[in-house]
Amino acid sequence: MANLLSIARPYALAAFETAREAKELSIWNDFLDVAATMVNDKTVQKLLANPFTSSEKLFELFHYILSSYINTERQNFLLLLIQNKRLGLLPEISKLFHLYHAAFEKMSKVKIITAIQIEKEYKEKLSHSLSKRMGSDITLECEIDPNIIGGAIIKLGDKVIDGSIRGQLNRLREALSS
């Protein structure tokens, strides 16, 4: 098992770095989960163990099943695994990817957008409060956008907390028009 993990580690790390840079962590997560489930299927395991199963047939099968997740990077990842006869490692690659993703989420970047410059003391309080609430270390990035009028917009990964005056006005306008 340890040997399989050491072989799977560079593939998982490459997948994670590619997903992180493209901001596609969740789709890579799903892609690897479905691919790992495929590999755990007894019929697919027989195909992988059969020396007469061609690389093209394996690619066609995985590409067909994973078609909703496929883009150039994920297709190339599959081709690399097939070329190196590493499709059987997909369950381990998926597990390691999840570990990298979880570790990444622990050190989160929080972006805060305000209409005016935030004082250092308030930044420290906000950083401490968010870190405590999320149970992870954070790096606070501040941006100024006078268009939000007042308040703040906080972005953490896929989550957005819009406490800006502009956002409140937009929500009020939507509520009144419905």
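The values are calculated or read from the model by the stated rules, or taken from the named source; none is laboratory data. A quick note: this is a predicted structure, and the numbers were derived from the prediction, not measured. Note: ideal-geometry Cβ built from the backbone for every residue, glycine included; neighbour counts use all protein chains shown.
Is it true that some residue in the range 43-50 is touching a Phe, Trp or Tyr at 6+ places or on another chain (Cβ under 8 Å) and not assigned by TED's automatic domain parsing to the domain that holds residue 155?
Step one: list which residues in the range 43-50 are touching a Phe, Trp or Tyr at 6+ places or on another chain (Cβ under 8 Å), which gives none.
No - not one qualifying residue is present in the range 43-50.
Which numbered condition trips up residue 82, out of (1) out of contact with any Ser or Thr (no Cβ under 7 Å at 6 or more places or on another chain); (2) under 24 Å from residue 4 (Cβ atoms)?
(1)
What residue, of 55, 26, 67, 6, is closer than 18 Å to residue 83 by Cβ and not assigned by TED's automatic domain parsing to the domain that holds residue 159? Spell out how you get there, then give the answer.
Values: 26 fails: closer than 18 Å to residue 83 by Cβ; 67 fails: closer than 18 Å to residue 83 by Cβ; 6 fails: closer than 18 Å to residue 83 by Cβ.
Every option except 55 fails the conditions.
For the range 106-128, how many residues are surrounded by fewer than 14 Cβ atoms within 10 Å (Cβ to Cβ) and either touching a residue at least 24 places away in the same chain (Cβ under 8 Å) or touching a His at 6+ places or on another chain (Cβ under 7 Å) (or both)?
Total meeting the criteria: 5.
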